Amino acid sequence: MKRDTTTRNTIAIVGAGLVGALLATLLAQRGFSVEIFERRPDPRKFGFIGGRSINLALAERGWHGLRVAGLQDRIGKIAVMMRGRMVHHSDGHTELLRYGRDDSEVIWSVSRAALNMALLDAAEAAGARVRFERPLHSVDWRTSTLHFGPENARTTHVANIVIGADGAGSALRDAMNSHIDLGERFEPLDHGYKELEIPPRDRKFAMEPNALHIWPRGNYMCIALPNSESSFTVTLFLPNRGNPSFETIITSDDAQALFARDFADALPLIPELQTDFAMNPTGMLGTLYLDRWHLDSRALLIGDAAHAIVPFHGQGMNCGFEDAFELAELMECDGDIESVFAEFEKRRKPNADAIAEMALENYVEMRDSVADAHFLLMRALERALAARHPTRFVPRYWMVTFSRVPYSVALERGDIQSAILRELTSGKTSIEQIDMARAGVLIEQRLAPFS
């Protein structure tokens, strides 16, 4: 058995994905000695392994962590701006629903693979050491010894501080659970997904590039996000049971027929639909909840390892990057590590729970509500009230996406504002019918000034 000759004061990070690599960069820049252990080979040498993944939407919380790490310019070169949702209605017409007021309030589509490789470069440049092909097997918590690899090629590493950033299927979380009950529960969504691709046409985007395209069809939908090489990653979301569902759409011919019927304008843009449907796995979706994220001063979970969520608010990566930034800030403070871990959990858990709830709500909005006349009226009123009462009425989407307001605050204020919108639009069909004076009274009564 080979033993790594590293001091016990080194911070060990399990997982060199997006969150682990950013955290390593931020900690190393602050003078910490950091080693990362990743189960996969180095993607910069062997390609990105691990299957296809839903495109990533980069928003302000994520950009903040990247800016602090000095990576804004590099990531900006591989990100594609999305101004809003381009809704493809059943009758064939399209409609752009902007995310914000103008091009200063947009989100960005970025390739997971390209982003991960850029973050690995940054972590190493900051001084972190990355060890690939080190799948975590187990942890001896008495001696703080991590065991990696199969029995016939086992390596060990001793570290008194271990941080798990190894995703929803976290091996470190399993090891912690074997030592102390974390109160883990996983709530699967009754929908899955399949990824497809719209390739470039004559080396150009086949559709409007600066939008998240969405085909809402009630209980299911299709979305497409742009990539920097002029393609789109298409994701089909279907229920696991029912009609249509992954129970009834089984073969490539089934998929072809579904698209011909429900996504007719997308079908000609996906030449490899049948091949991609047959070859790409059906992904599972769900929400992970833990009662606790740390094991005294020895181990802490962050990102998806602590709070995996469904992707429908585009905040999974952004929330994880916010974890990394806040943890790095806390690690600089005076105080023992156990207190730091406890404070991190106290700050972040309510926010992780809040964005998990909002992400589930946003799925209903994306697949159904964006094509609903009453929903569109509420959104129009929301914009009008935000313009009339900017210090009190702040759209929840803006708080989540374009600010660093705690998710828990965005959820609470958003619920109050939604109740006001529903009350004002009840029985109405146009914004001209809305009693704006009454709206002002309700806002003054129910919403404190925003800060």
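Side notes on the structure shown:
- Within the range 40-60, not a single residue is without any contact (Cβ under 8 Å) to a residue 60 or more places away in the chain, closer than 27 Å to residue 331 by Cβ, open to solvent by 30 Å² or more (accessible area, probe 1.4 Å) and out of contact with any Leu (no Cβ under 8 Å at 6 or more places or on another chain).
- Search result, residues across the range 131-156 that are closer than 14 Å to residue 298 by Cα and outside any strand (DSSP E or B): 141, 142, 143, 144
- Some residue of the range 442-450 being surrounded by 15 or more Cβ atoms within 10 Å (Cβ to Cβ), at pLDDT below 95, touching a Phe, Trp or Tyr at 6+ places or on another chain (Cβ under 9 Å) and not in a helix (DSSP H, G or I): yes
- Cβ pairs under 8 Å, 6+ apart, first in the range 74-101 and under 16 Å from residue 397 (Cα atoms) and in a strand (DSSP E or B), second aromatic (Phe, Trp, Tyr) and modelled with pLDDT of 95 or more: 82/108
- Taking the range 174-211 as the range and being farther than 30 Å from residue 361 by Cβ and either touching an Asp or Glu at 6+ places or on another chain (Cβ under 6 Å) or of a type in the set (S, T, N, Q) (or both) as the test, only 178 passes.
- Under the condition of being within 21 Å of residue 348 (Cβ to Cβ) and among the basic types (Lys, Arg), the residues counted in the range 383-419 number 3.
- When the helices (runs of 4 or more DSSP H) confined to the range 238-336 are screened for residues that are under 22 Å from residue 358 (Cβ atoms) and touching a helix residue (DSSP H, G or I) at 6+ places or on another chain (Cβ under 9 Å), those reaching at least 1 such residues are found at 304-307, 316-332.
- Looking at 292, 298, just one residue is within 17 Å of residue 166 (Cα to Cα), open to solvent by 20 Å² or more (accessible area, probe 1.4 Å), out of contact with any Gly (no Cβ under 8 Å at 6 or more places or on another chain) and modelled with pLDDT of 95 or more, and that residue is 298.
- Conditions (1) within 25 Å of residue 66 (Cβ to Cβ); (2) assigned to a loop (DSSP other than H, G, I, E, B); (3) polar (S, T, N, Q); number of the one not met by residue 116: (2)
- Screening residue 424 with (1) hydrophobic (A, V, I, L, M, F, W, C); (2) open to solvent by less than 30 Å² (accessible area, probe 1.4 Å); (3) not in a helix (DSSP H, G or I) gives one miss only, at (3).
- Residue check for residue 178: open to solvent by less than 10 Å² (accessible area, probe 1.4 Å), within 30 Å of residue 11 (Cβ to Cβ) and either of a type in the set (Gly, Ala, Ser) or free of Cβ contacts under 8 Å to residues at least 40 places away in the same chain (or both): no
- For the range 97-143, taking the residues that are in contact with a Gly (Cβ under 7 Å, 6 or more places away or on another chain) and under 23 Å from residue 62 (Cβ atoms), the one that is surrounded by the most Cβ atoms within 10 Å (Cβ to Cβ) is identified as 107.
- Residue match in the range 66-89 (condition: open to solvent by 40 Å² or more (accessible area, probe 1.4 Å), touching an Asp or Glu at 6+ places or on another chain (Cβ under 8 Å) and not aromatic (Phe, Trp, Tyr)): yes
- Index of the failed condition, residue 373 passing every other in (1) in contact with a strand residue (DSSP E or B) (Cβ under 9 Å, 6 or more places away or on another chain); (2) at pLDDT below 95; (3) of a type outside the set (Asp, Glu): (1)
- Scanning the range 382-389 turns up one or more residues that are within 29 Å of residue 88 (Cα to Cα), open to solvent by less than 50 Å² (accessible area, probe 1.4 Å), of a type in the set (Asp, Glu) and part of a helix (DSSP H, G or I).
- Residue in the range 195-210 that is among the basic types (Lys, Arg), open to solvent by 20 Å² or more (accessible area, probe 1.4 Å), closer than 27 Å to residue 340 by Cβ and modelled with pLDDT of 95 or more present: no
- Total residues in the range 211-236, condition open to solvent by less than 10 Å² (accessible area, probe 1.4 Å), over 20 Å from residue 107 (Cα atoms) and either touching a Cys at 6+ places or on another chain (Cβ under 7 Å) or part of a loop (DSSP other than H, G, I, E, B) (or both): 1
- Criterion violated by residue 408 - all others in (1) within 26 Å of residue 225 (Cα to Cα); (2) at pLDDT 95 or above; (3) not β-branched (Val, Ile, Thr); (4) not in a loop (DSSP other than H, G, I, E, B) satisfied: (1)
The values are calculated or read from the model by the stated rules, or taken from the named source; none is laboratory data. Everything numeric in this text was worked out from a predicted model, so none of it was measured. As a convention, Cβ positions derive from the backbone with ideal geometry for all residues, glycine included, and neighbour counts pool all protein chains shown. Ligands, DNA and RNA are excluded from the accessible area calculation, which covers all protein heavy atoms including side chains. Shrake-Rupley method; radii C 1.70, N 1.55, O 1.52, S 1.80 Å.
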